[in-house]
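Here's the structure we're looking at; comments come further down.
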Amino acid sequence: RIEWDEQTDLPTRFFPLPDAGVATKSVVVDPRVAFGHPTLSGTGISTEVVKRRIDIGETVEELAEDYQVSIKQVKDALLYERP
């Protein structure tokens, strides 16, 4: 669940969600993206923003379409924000 820089031997990214014993890479913590706040992998979209939009009544499907990500990624963002 941790990616390492081969040159410096330092961790570069962390994928916090385990998925039935297998690491999922839907959510990432990367200090080079969004100041290290958790985001949807490859998008820079904050998991907190996803949660807030769901909290105000938007659907998972609407967010997936708006952000052009999978429904699983949106659900994983919610899982991260609401363990």
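Cβ-Cβ below 9 Å, separation at least six or inter-chain, first residue in the range 52-71 and open to solvent by 90 Å² or more (accessible area, probe 1.4 Å), second polar (S, T, N, Q): which pairs?
Qualifying pairs under 9 Å: ARG52/SER46; GLN68/THR43.
When you go through THR12, THR43 one by one, which is the residue that is in a loop (DSSP other than H, G, I, E, B) and polar (S, T, N, Q)?
Of the residues listed, the single one that is in a loop (DSSP other than H, G, I, E, B) and polar (S, T, N, Q) is THR43.
Answer yes or no as to whether GLU48 is part of a loop (DSSP other than H, G, I, E, B), modelled with pLDDT of 85 or more and charged (D, E, K, R).
Criteria not met by GLU48.
Does the range 17-27 include one or more residues that are open to solvent by 30 Å² or more (accessible area, probe 1.4 Å), at pLDDT 90 or above and not in a loop (DSSP other than H, G, I, E, B)?
no
Please go through the range 1-15 and pick out each residue that is at pLDDT 85 or above and either loosely packed, with under 10 Cβ neighbours inside 10 Å or not acidic (Asp, Glu) (or both).
Hits for the range 1-15 are ILE2, TRP4, GLU6, GLN7, THR8, ASP9, LEU10, PRO11, THR12, ARG13, PHE14, PHE15.
The values are calculated or read from the model by the stated rules, or taken from the named source; none is laboratory data. What you see is a predicted model, and the numbers here were worked out from it, not measured in a lab. Cβ: placed from backbone, ideal geometry, glycine included. Neighbour counts: every protein chain shown. These area figures cover heavy atoms from the full protein model, side chains too; ligands, DNA and RNA do not enter into them. Shrake-Rupley method; radii C 1.70, N 1.55, O 1.52, S 1.80 Å.
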